[in-house]
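Enquirer: Handing you a structure now.
The values are calculated or read from the model by the stated rules, or taken from the named source; none is laboratory data. Being a predicted model, the structure only gives us computed values, none of them experimental. Note: ideal-geometry Cβ built from the backbone for every residue, glycine included; neighbour counts use all protein chains shown.
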Amino acid sequence: MKILIDFFPILLFFGAYRAYDIYMGTIVLMAATVVQMGLIYGIDRKLHALHKITLAMVLIFGMFTLVLHDDRFIKWKPTVLYAAMALGLAIAVWVSKKNFLKILLGSQLTLPDRVWMHLNKLWMIYCVFMAAINGYVAAFYSTDAWVNFKLWGYVFPIIFIVGQGFYISRYLVTDDSQSNPP
């Protein structure tokens, strides 16, 4: 269910873009993201920092896109978001000596500290990659090509998440491994 909640704003954006234009797509994306965050809040009774940042960025970049009638704003929103995430993860680890991934997910996953550090580095690299590739497509390709990239570019996060799952699966502690140590 949550996976559908995560993808429905981009799918609605794509549909509205195809049926109308980038500006209608932006309006639909903004509305769908508000609904998405409402659903997440209804299920979890809270929004994580990333949810709040995403919502704010969609609304701010969407507003600039609509008010200035300039699609560059909505096209550059993912680049800014990914770059900010990479920078935030880097500053947290190297300046404040905190691992935000462990803080966010530590209650759901029990992993060794070195694995949390590897995950943090992997997420930084992934976010830099996604910022760079979106920025490249936004800068050098048409809006139509960028929208297609946004839809089909979701293969990158899927591959990353699956790969991450394989990586951490060997470190996950199960009830059986806790009660019967090797």
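Enquirer: Sort through Gly42, Gly62, Gly106, Gly38 and tell me the only one that's small (Gly, Ala, Ser) and in contact with a helix residue (DSSP H, G or I) (Cβ under 7 Å, 6 or more places away or on another chain). First the steps, then the outcome.
Expert: Details: Gly42 fails: in contact with a helix residue (DSSP H, G or I) (Cβ under 7 Å, 6 or more places away or on another chain); Gly106 fails: in contact with a helix residue (DSSP H, G or I) (Cβ under 7 Å, 6 or more places away or on another chain); Gly38 fails: in contact with a helix residue (DSSP H, G or I) (Cβ under 7 Å, 6 or more places away or on another chain).
Selected residue: Gly62, the only one of Gly42, Gly62, Gly106, Gly38 that is small (Gly, Ala, Ser) and in contact with a helix residue (DSSP H, G or I) (Cβ under 7 Å, 6 or more places away or on another chain).
Enquirer: Next up: Go through segment 8-31 and report how many residues are surrounded by 14 or more Cβ atoms within 10 Å (Cβ to Cβ) and either over 15 Å from Val147 (Cβ atoms) or acidic (Asp, Glu) (or both).
Expert: Number satisfying all stated conditions: 3.
Enquirer: Quick one: which residue in Thr54, Thr79 is touching a Gly at 6+ places or on another chain (Cβ under 6 Å) and either among the small types (Gly, Ala, Ser) or within 27 Å of Gly38 (Cα to Cα) (or both)?
Expert: Values: Thr54 fails: touching a Gly at 6+ places or on another chain (Cβ under 6 Å).
Result of the check over Thr54, Thr79: Thr79.
Enquirer: Restricting the search to segment 117-132, which residues are within 14 Å of Trp94 (Cα to Cα) and among the aromatic types (Phe, Trp, Tyr)? Working first, answer last.
Expert: Taking segment 117-132 as the starting set, the residues that turn out to be within 14 Å of Trp94 (Cα to Cα) are 117-118, 120-121, 124.
Within segment 117-132, none qualify.
Enquirer: Tell me, please, whether a residue that is of a type outside the set (Asp, Glu), crowded, with 16+ Cβ neighbours inside 10 Å, over 14 Å from the mean Cα position of the chain (by Cα) and not assigned by TED's automatic domain parsing to the domain that holds Trp123 can be found in segment 84-101.
Expert: no
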